[in-house]
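Below is one structure, written out as structure tokens; comments come after it.
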Amino acid sequence: MREETHHVDFCVVGGGMAGLIAAIAAARHGAKVALIQDRPVLGGNASSEIRMHVCGAHGPNNRETGILEELLLENHYRNPQPNYSIWDSVLYGKTQYQENLELHLNCSISSCTMDGDRIHSVRAWQLTTETWHTIEANLFADCSGDGILAPLSGADFRIGREAGSEYDESIAPAESDCKTMGMTCLFQAREYPHPMPFIAPEWAHTFNNPEDLRGRNASLRKTNFWWMEVGGEHDSIHDTERLREELLKIAFGVWDHIKNHSDQDVENWALDWLGFLPGKRESRRYLGPHVLTQNDIEAEGRFEDLVAYGGWTMDDHFPAGFYHPERGTIFHPAPSPFGIPYRSLYSRNITNLFCAGRCHSATHAAMSATRVMATTSLMGQAAGTAAAIATAHGLTPNGVYENKLAELQNTLLEDDCYLPWHKRPVPELSIQATLTASAGDPAPLRNGIDRPIGDVDNGWTGAPGDTIEYRFEDDAQLTEARLVFDSDLNRVDTSRGHSARNMRHYFALDASHWAMPATMVNAFRVEAEDAQGRWHVVHRADNTHNRLVRIPLTGNAKAVRFIPETTWGAEQARLFAFDVR
């Protein structure tokens with residue numbers, strides 16, 4: 001057995017979508033980061049091991065951006081099939097090869113050491129190398145889903161449903177209990193050009209009639225079978241192994257029903273994959289300085305420390321799951337978007353511990369809306385950015401709230417994280433310059449809002465070859481240009497007719513390949529005018545597949561202009577921000 005000790009600024013436990021994005025965000029802003037993940041792949045419920053698609057806020061133009069959108073667009077660019085191994089590689093590459101970030105896969109946290117009310121270090125066993133890793137850090141984040149650091153550190157946490165009277169929540173039960181939402185083993189199917197028979201294992205459950213499935217929707221093309229769910233009436237952590245046994249019996253039985261006992265036209269369809277790792281919805285939840293509640297969500301969450309947002313309904317699954325006599329969930333209405341406060345992303349009694357993801361500080365009712373992965377990704381970026389700010393200024397998580405909240409919010413906005421009801425500060429150089437365009441109105445490009453809001457477009461539209469120009473009163477010393485392209489926040493999966501996710505849950509022969517959003521600019525150039533009035537190309541790019549693009553600039557210029565050359569398919573080029581500083 002080997003022993004290794006690592007010293008970092010920030011240690012993130014859990015490599016699901018919240019954790020990996022928290023680690024990337026902190027590393028990009030200068031913190032030295034360790035990311036500890038107990039699986040061989042990243043993404044948690046979105047990974048190839050579980051295969052739940054990334055869901056988020058409902059409504060026009062509410063798609064989550066920031067690092068999550070960067071990952072999704074990389075997947076569109078590299079993964080037209082789409083294939084889960086490629087998706088895994090997108091997440092792996094963004095972390096493994098991120099400067100300032102060390103990735104520890106197949107590592108399970110077993111203990112932590114404390115220094116008063118601070119975590120000093122965590123200890124993890126890496127199965128593949130038979131090595132104990134001790135990670136010492138000034139700051140920690142628990143993004144593990146199950147909240148493993150809570151019982152190890154003594155952090156305050158909660159499991160189960162609060163009584164309605166505790167936070168005056170109308171959708172909560174009358175009495176508190178330890179019941180949660182359950183877990184699911186998903187499956188996926190693939191169509192072939194010839195018949196594909198299926199023989200169920202003898203230990204699978206048998207569902208001969210639709211009534212045996214308790215009225216659930218078993219249509220292959222209309223559900224991802226999320227309702228194959230158990231565990232909410234059990235211990236959602238310690239009973240996982242025996243619950244998986246029941247989930248596998250259900251999943252194989254449901255596929256047998258579809259293939260051999262239903263009237264669906266599935267003769268040429270085969271079971272392509274079935275997950276043996278359950279995807280969890282709920283277990284421990286931290287208690288932070290603020291506990292997000294149903295009432296906060298219904299009031300749109302207009303917190304002064306808003307750092308993320310949601311927009312999924314309060315999707316409260318019955319604890320009995322598959323064995324509940326009615327449909328497996330109740331969709332309680334929620335506004336979209338609603339704000340999530342920074343104070344729900346760190347522990348109230350462990351002074352150096354962040355919590356992001358489904359284990360953040362919320363009631364059961366509120367968490368039923370915030371647990372979806374696009375929302376938890378935004379929490380992760382907020383927590384990771386806060387950790388970098390805390391590192392730079394020698395602060396605790398609460399110290400960032402008390403002293404650097406505006407810096408945190410402005411950094412998130414600058415990194416293309418939408419914060420409802422907030423405007424991004426525009427660089428002074430851009431505000432003072434004269435802004436013109438050869439076509440269209442460029443004024444919205446410096447209004448600090450990088451997406452459509454309601455009926456206001458907030459963007460510029462022009463033909464390839466058109467120009468947008470900043471002209472300065474005097475020669476200006478330049479350091480950066482910042483661009484935000486239109487990645488089509490309302491894009492759909494054409495084979496399914498609704499919002500495009502990170503991956504599909506079934507694979508038909510006639511399914512269209514994925515492609516980059518047609519609205520994205522593909523090739524462009526940036527030019528600068530020197531003191532003699534000559535224009536020079538200072539940057540040119542093609543195959544652009546990021547919504548947010550930052551271009552380092554050097555030297556002085558009388559003017560700077562942006563010229564789109566091609567798009568990924570649209571006739572017009574679209575842009576939401578063009579800043580220079």
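The values are calculated or read from the model by the stated rules, or taken from the named source; none is laboratory data. All figures in this text were calculated on a predicted structure; none of them were measured in a lab. Note: ideal-geometry Cβ built from the backbone for every residue, glycine included; neighbour counts use all protein chains shown.
Worth pointing out:
- Near pairs, Cβ below 9 angstrom, 6+ apart or cross-chain, from the stretch 200-224 (without any contact (Cβ under 8 Å) to a residue 40 or more places away in the chain and not assigned by TED's automatic domain parsing to the domain that holds MET52) to any residue that is assigned to a loop (DSSP other than H, G, I, E, B) and not polar (S, T, N, Q): ASN217/PHE225; ASN217/TRP227; ASN217/ARG327; THR223/ARG216; THR223/HIS505
- Residue within the stretch 55-66 that is within 27 Å of GLU130 (Cα to Cα), in contact with a Cys (Cβ under 9 Å, 6 or more places away or on another chain) and in a loop (DSSP other than H, G, I, E, B) present: no
- Criterion: surrounded by fewer than 22 Cβ atoms within 10 Å (Cβ to Cβ), of a type in the set (D, E, K, R) and more than 27 Å from ASP416 (Cα to Cα) - qualifying residue of ARG302, ARG244: ARG244
- Against the list (1) at pLDDT 95 or above; (2) under 25 Å from the mean Cα position of the chain (by Cα), the condition HIS505 fails is (1).
- Taken over the stretch 397-427, the criterion of being crowded, with 19+ Cβ neighbours inside 10 Å and either farther than 22 Å from ILE453 by Cα or touching a Cys at 6+ places or on another chain (Cβ under 6 Å) (or both) is satisfied by PRO397, VAL400, TYR401, LEU408.
- Wholly enclosed strands (runs of 3 or more DSSP E) of the stretch 86-131 bearing at least 3 residues within 21 Å of MET1 (Cβ to Cβ) and not β-branched (Val, Ile, Thr): 107-115, 118-126
- Residue that is nearest to ILE330 (Cα to Cα), among those in the stretch 167-196 that are free of Cβ contacts under 8 Å to residues at least 60 places away in the same chain and not polar (S, T, N, Q): PRO173
- Within the stretch 347-370, being in a loop (DSSP other than H, G, I, E, B) and either surrounded by 24 or more Cβ atoms within 10 Å (Cβ to Cβ) or of a type in the set (S, T, N, Q) (or both) holds for SER347, ASN349, ILE350, THR351, ASN352, ALA356, GLY357, ARG358, CYS359, HIS360, SER361, THR363.
- Of residues in the stretch 524-566 being surrounded by fewer than 16 Cβ atoms within 10 Å (Cβ to Cβ) and of a type in the set (A, V, I, L, M), the one nearest to the chain's Cα centre (by Cα): VAL537
- Scan of the stretch 567-581 for residues that are in contact with a Leu (Cβ under 7 Å, 6 or more places away or on another chain) and surrounded by fewer than 20 Cβ atoms within 10 Å (Cβ to Cβ), ordered by number: ARG581
- Taken over the stretch 290-309, the residue count meeting the criterion of being of a type outside the set (A, V, I, L, M, F, W, C), within 18 Å of LEU408 (Cβ to Cβ) and not in a loop (DSSP other than H, G, I, E, B) is 1.
- Hits in the stretch 314-346 - residues which are in contact with a helix residue (DSSP H, G or I) (Cβ under 9 Å, 6 or more places away or on another chain), of a type in the set (Gly, Ala, Ser), at pLDDT 95 or above and assigned to a loop (DSSP other than H, G, I, E, B): ALA334
- When SER89, SER85, SER110, SER47 are screened for being crowded, with 23+ Cβ neighbours inside 10 Å, hydroxyl-bearing (Ser, Thr, Tyr) and at pLDDT 95 or above, only SER47 passes.
- Options ALA369, ALA356, ALA388, ALA334; residue that is outside the structural domain of GLY145 (by TED's automatic domain parsing) and either under 30 Å from GLU166 (Cβ atoms) or of a type outside the set (Phe, Trp, Tyr) (or both): ALA334
- Within the stretch 79-93, residues that are over 16 Å from GLY15 (Cβ atoms) and without any contact (Cβ under 8 Å) to a residue 24 or more places away in the chain sit with their Cβ atoms under 8 Å from residues that are crowded, with 19+ Cβ neighbours inside 10 Å and of a type in the set (S, T, N, Q), at 6+ positions apart or across chains, in these pairs: ILE86/ASN75; ILE86/ASN79.
- Residue satisfying condition, being touching a Gly at 6+ places or on another chain (Cβ under 6 Å), touching a residue at least 40 places away in the same chain (Cβ under 8 Å), under 30 Å from VAL254 (Cα atoms) and aliphatic (A, V, I, L, M), within set ALA320, ALA356, ALA369, ALA365: ALA369
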